[in-house]
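Following: one structure in structure tokens, then a few remarks.
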Amino acid sequence: MTLKTREIYSANFDSQRRKNNQIKFLIFHYTGMKNEKVAIKHLSKIQSGVSTNYFIKRSGEIILMVPDLYIAWHAGISRWGKYRFLNKHSIGVEISNPGHRFGYLSFSEKQIDSLIKLSRILINKYKIKKKYILGHSDVAPDRKIDPGEKFPWKILYKNKIGIWHNLKKVKLSSTRGEAISVRKVNLFMKNLSKFGYPGKSIIMKNKRKYKKLLVKAFQRRFRPELINGKIDQECLLILHNLLSNKA
């Protein structure tokens with residue numbers, strides 16, 4: 001499968017090429033800027049110190065900003081499982097969206113279609129595992145909330161991209177807000193780390209505050225209907241199911 005892209009190269013990347021087998025992750029972001037023109041300029045100019053490999057416009061047009069085998073500066077201080085500072089192991093995809101700061105929008109159908117096509121190509125080319133297809137907030141929960149609760153994770157999963165639980169909606173909603181014991185709370189946090197989420201913050205000393213942000217990151221990804229940082233029975237069931245079906 002080939003994909004039509006336009007090139008607007010960024011000045012921000014590591015000059016040393018990496019090998020195909022060094023690419024393990026696919027990380028999705030939203031731009032979080034007022035408009036596409038501002039976002040593209042920010043991601044390409046050297047003064048910003050940030051970039052991405054691919055940029056998807058509202059129209060669905062895909063822009064190549066840093067070729068795959070060069071390391072783009074998109075993930076920053078990040079962690080997943082045994083991996084730290086994920087830029088060197090990942091391909092970053094920025095999807096145009098003003099984000100929470102400027103009026104968070106649903107992603108357009110054309111963006112989702114392009115994202116599915118692009119993801120399939122990258123997954124096949126670099127043998128990226130489903131469990132390593134992540135959002136910025138997954139790998140940096142102490143700093144980021146993108147791509148946010150409107151990101152179409154479930155649609156991607158139905159297209160064999162990433163992971164999702166297979167629990168019935170009716171069963172889950174009946175357990176939302178249901179309190180759990182301290183033992184189960186501790187089990188949930190232990191399982192979050194087992195799943196891949198960074199159990200400790202690299203930059204944040206306040207453990208209680210970080211724990212809430214970590215739970216919110218999980219909810220934003222897998223339980224977007226309620227993002228409150230509180231662990232309930234629904235969260236527990238979802239995480240257990242994800243661990244059982246992890247690939």
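Which condition breaks for Tyr210 when tested against (1) touching a residue at least 40 places away in the same chain (Cβ under 8 Å); (2) out of contact with any Asp or Glu (no Cβ under 8 Å at 6 or more places or on another chain)?
Among (1) touching a residue at least 40 places away in the same chain (Cβ under 8 Å); (2) out of contact with any Asp or Glu (no Cβ under 8 Å at 6 or more places or on another chain), the lone unmet condition for Tyr210 is (2).
Conditions first: (1) assigned to a helix (DSSP H, G or I); (2) touching a Phe, Trp or Tyr at 6+ places or on another chain (Cβ under 8 Å); (3) touching a residue at least 12 places away in the same chain (Cβ under 8 Å). Ser119 passes all but one, so which condition is the exception?
(2)
So which residues in segment 91-115 are surrounded by fewer than 17 Cβ atoms within 10 Å (Cβ to Cβ) and part of a helix (DSSP H, G or I)?
His100, Arg101, Phe102, Glu109, Lys110, Asp113
When you check Ala247 against the structure, is it at pLDDT 95 or above and of a type outside the set (Lys, Arg), yes or no? If you could, list the steps in order and put the result at the bottom.
Numbers: at pLDDT 95 or above: no; of a type outside the set (Lys, Arg): yes.
Considered against the rule, which asks whether it is at pLDDT 95 or above and of a type outside the set (Lys, Arg), Ala247 comes out as no.
Filter segment 217-235 for residues that are in a helix (DSSP H, G or I) and either in contact with a Ser or Thr (Cβ under 8 Å, 6 or more places away or on another chain) or in the same structural domain as Gly148 (by TED's automatic domain parsing) (or both); which is farthest from Leu156 (Cα to Cα)? Don't jump to the end; show me each part of the working.
In the first step, residues of segment 217-235 are kept if they are in a helix (DSSP H, G or I); the result is 217-222, 233-235.
Those still in the list that are either in contact with a Ser or Thr (Cβ under 8 Å, 6 or more places away or on another chain) or in the same structural domain as Gly148 (by TED's automatic domain parsing) (or both) too: 217, 220-221, 233-234.
Details: Ala217: 18, Arg220: 15, Arg221: 12, Gln233: 25, Glu234: 22 Å.
This residue is Gln233.
Just checking, does segment 79-86 include any residue being more than 19 Å from Gly162 (Cα to Cα) and in contact (Cβ under 8 Å) with a residue 12 or more places away in the chain?
The answer is yes; a qualifying residue exists.
If we keep just the residues of segment 184-233 that are of a type in the set (Ser, Thr, Tyr) and either surrounded by 14 or more Cβ atoms within 10 Å (Cβ to Cβ) or at pLDDT below 95 (or both), which is nearest to Phe25 (Cα to Cα)?
Of segment 184-233, the ones of a type in the set (Ser, Thr, Tyr) are 193, 197, 201, 210.
Of the ones still in play, those that are also either surrounded by 14 or more Cβ atoms within 10 Å (Cβ to Cβ) or at pLDDT below 95 (or both) are 197, 201, 210.
On the way: Tyr197: 14, Ser201: 20, Tyr210: 24 Å.
Selected residue: Tyr197.
Here's a check for you: in segment 40-54, which residue that is among the small types (Gly, Ala, Ser) and at negative phi is surrounded by the most Cβ atoms within 10 Å (Cβ to Cβ)? Even if it seems obvious, please write down each step before you answer.
To start, the set of residues in segment 40-54 that are among the small types (Gly, Ala, Ser) comprises 44, 48-49, 51.
If we keep only those that are at negative phi as well, we get 44, 48, 51.
Details: Ser44: 20, Ser48: 14, Ser51: 26.
Taking the candidates together, the pick is Ser51.
Only one residue in Thr52, Thr31, Thr2 is touching a helix residue (DSSP H, G or I) at 6+ places or on another chain (Cβ under 9 Å), among the polar types (S, T, N, Q) and modelled with pLDDT under 95, so which one is that?
Details: Thr52 fails: modelled with pLDDT under 95; Thr31 fails: modelled with pLDDT under 95.
Exactly one of Thr52, Thr31, Thr2 is touching a helix residue (DSSP H, G or I) at 6+ places or on another chain (Cβ under 9 Å), among the polar types (S, T, N, Q) and modelled with pLDDT under 95, namely Thr2.
Going through segment 122-132 one residue at a time, which ones are within 17 Å of Thr5 (Cβ to Cβ) and loosely packed, with under 14 Cβ neighbours inside 10 Å?
Within segment 122-132, the subset within 17 Å of Thr5 (Cβ to Cβ) is 122-126.
Selection gives Asn124, Lys125.
Within segment 55-88, restricting attention to residues that are under 14 Å from the mean Cα position of the chain (by Cα) and crowded, with 19+ Cβ neighbours inside 10 Å, which residue is farthest from Lys200 (Cα to Cα)?
Looking at the filtered set, the residue picked out is His74.
Which residue is nearest to the chain's Cα centre (by Cα), if the candidates are limited to segment 165-183 and must be surrounded by 12 or more Cβ atoms within 10 Å (Cβ to Cβ) and touching a residue at least 60 places away in the same chain (Cβ under 8 Å)?
At the first step, the residues of segment 165-183 found to be surrounded by 12 or more Cβ atoms within 10 Å (Cβ to Cβ) are 165, 167, 172-178, 180.
With touching a residue at least 60 places away in the same chain (Cβ under 8 Å) added as a condition, the list becomes 165, 167, 172-173, 175.
On the way: His165: 16, Leu167: 21, Leu172: 23, Ser173: 24, Thr175: 26 Å.
Selected residue: His165.
The values are calculated or read from the model by the stated rules, or taken from the named source; none is laboratory data. Please read these numbers as outputs of a predicted model, since none were measured by experiment. Virtual Cβ from ideal backbone geometry, glycine too; neighbours counted across all protein chains shown.
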